[in-house]
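Below is one structure, written out as structure tokens; the observations come after it.
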Amino acid sequence: MTSHPQSPLRLLPAHEYRRERWRNGFGWTREILRSTDCDAGRGDDWDWRLSIAEIECDGPFSSFPGIDRELVLLHGNGVRLRFDDGEVREAAPPHGRVRFAGERTVSGELIDGPTHDFNLMWRRDRIDADLWHRPLVGSMVLFVEPGERWVVHVLSGHAHCSDGAMRCTAAMSDSLLLSTSDARHRFAIDGGGEVLIIRMRRRDREV
């Protein structure tokens with residue numbers, strides 16, 4: 001089921017992700033979710049953003065001053081990131097990842113064909129962000145504190161999530177948004193497959 005937007009547990013179906021061109025025109029992005037202080041997502045005035053980048057050819061990445069980024073390979077044979085200071089890093093199969101500052105000048109080189117890459121971005125002066133890749137075998141419990149937003153993105157298989165009042169099922173490529181208002185909130189997740197778990201926490205502990 002799809003929950004109400006104000007519910008602590010919210011399903012984000014993959015077919016509802018918004019597809020748009022990169023700001024530099026060299027690729028496509030399917031946006032999962034973005035947040036501002038009021039979760040309105042006005043233009044580029046966001047605190048954090050989750051998306052899936054579709055890289056079809058070699059080319060430069062867009063510049064995002066003040067933003068930190070983490071890229072995780074979802075599909076394809078990998079992408080090589082070449083930074084202007086000479087550093088070279090690769091996101092290789094199955095789910096290689098690279099974390100870097102958004103203002104660095106970087107170009108992407110496809111290793112062997114197009115890729116889809118999970119893209120986490122956050123304003124480093126407002127947000128602390130963490131990302132984990134986990135197998136989902138059986139069940140796990142996540143505790144969300146006030147001032148946090150957690151997202152579970154299903155890489156493969158499926159995930160069932162319950163907060164005690166509501167239960168949602170997320171299929172492959174869907175995501176789940178977990179939140180709370182003024183008290184710690186418990187979420188139970190079970191299923192089978194692999195997931196990315198992302199935690200965004202405001203530095204001032206307010207959302």
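Being farther than 19 Å from Glu148 by Cβ and at pLDDT 95 or above is the filter here; which residues of the stretch 1-14 pass it? Even if it seems obvious, please write down each step before you answer.
Within the stretch 1-14, the subset farther than 19 Å from Glu148 by Cβ is 1-2, 4, 13-14.
Answer for the stretch 1-14, where residues must be farther than 19 Å from Glu148 by Cβ and at pLDDT 95 or above: Pro13, Ala14.
Please determine whether any residue of the stretch 37-50 is of a type in the set (Asp, Glu), open to solvent by 80 Å² or more (accessible area, probe 1.4 Å) and modelled with pLDDT under 95. Working first, answer last.
Step one: list which residues in the stretch 37-50 are of a type in the set (Asp, Glu), which gives 37, 39, 44-45, 47.
Now restrict to residues that are open to solvent by 80 Å² or more (accessible area, probe 1.4 Å): 37, 44.
Filter once more, so that each one left must be modelled with pLDDT under 95: 37, 44.
Yes, the conditions are met somewhere in the stretch 37-50.
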Of the residues Leu136, Leu110, Leu71, only one is open to solvent by less than 60 Å² (accessible area, probe 1.4 Å) and farther than 22 Å from Ala14 by Cβ; which? Leu110
(1) on the phi < 0 side of the Ramachandran plot; (2) at pLDDT below 95; (3) touching a strand residue (DSSP E or B) at 6+ places or on another chain (Cβ under 8 Å); (4) of a type outside the set (Ser, Thr, Tyr): which one isn't true of Gly164, the others all being true? (1)
Residue count, the stretch 113-123, condition modelled with pLDDT of 95 or more and open to solvent by 50 Å² or more (accessible area, probe 1.4 Å), comes to 1
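Take Met172 and tell me if it is within 22 Å of Asn119 (Cβ to Cβ), surrounded by fewer than 18 Cβ atoms within 10 Å (Cβ to Cβ) and under 16 Å from the mean Cα position of the chain (by Cα).
yes
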Residues within the stretch 158-196 that are of a type in the set (Gly, Ala, Ser), within 21 Å of Leu71 (Cα to Cα) and in a strand (DSSP E or B), tallied: 2
Are there any pairs, at least 6 apart or on different chains, whose C-beta atoms fall under 9 Å, with the first in the stretch 178-194 and at negative phi and open to solvent by 60 Å² or more (accessible area, probe 1.4 Å) and the second among the small types (Gly, Ala, Ser) and in a loop (DSSP other than H, G, I, E, B), and if so, which? Arg186/Gly164
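The values are calculated or read from the model by the stated rules, or taken from the named source; none is laboratory data. Keep in mind that this is a model prediction, so the values were computed, not measured. Cβ coordinates were reconstructed from backbone atoms using ideal geometry, including for glycine residues, and neighbour counts include every protein chain displayed. SASA here: full protein model, heavy atoms, side chains in, ligands and nucleic acids out. Shrake-Rupley method; radii C 1.70, N 1.55, O 1.52, S 1.80 Å.
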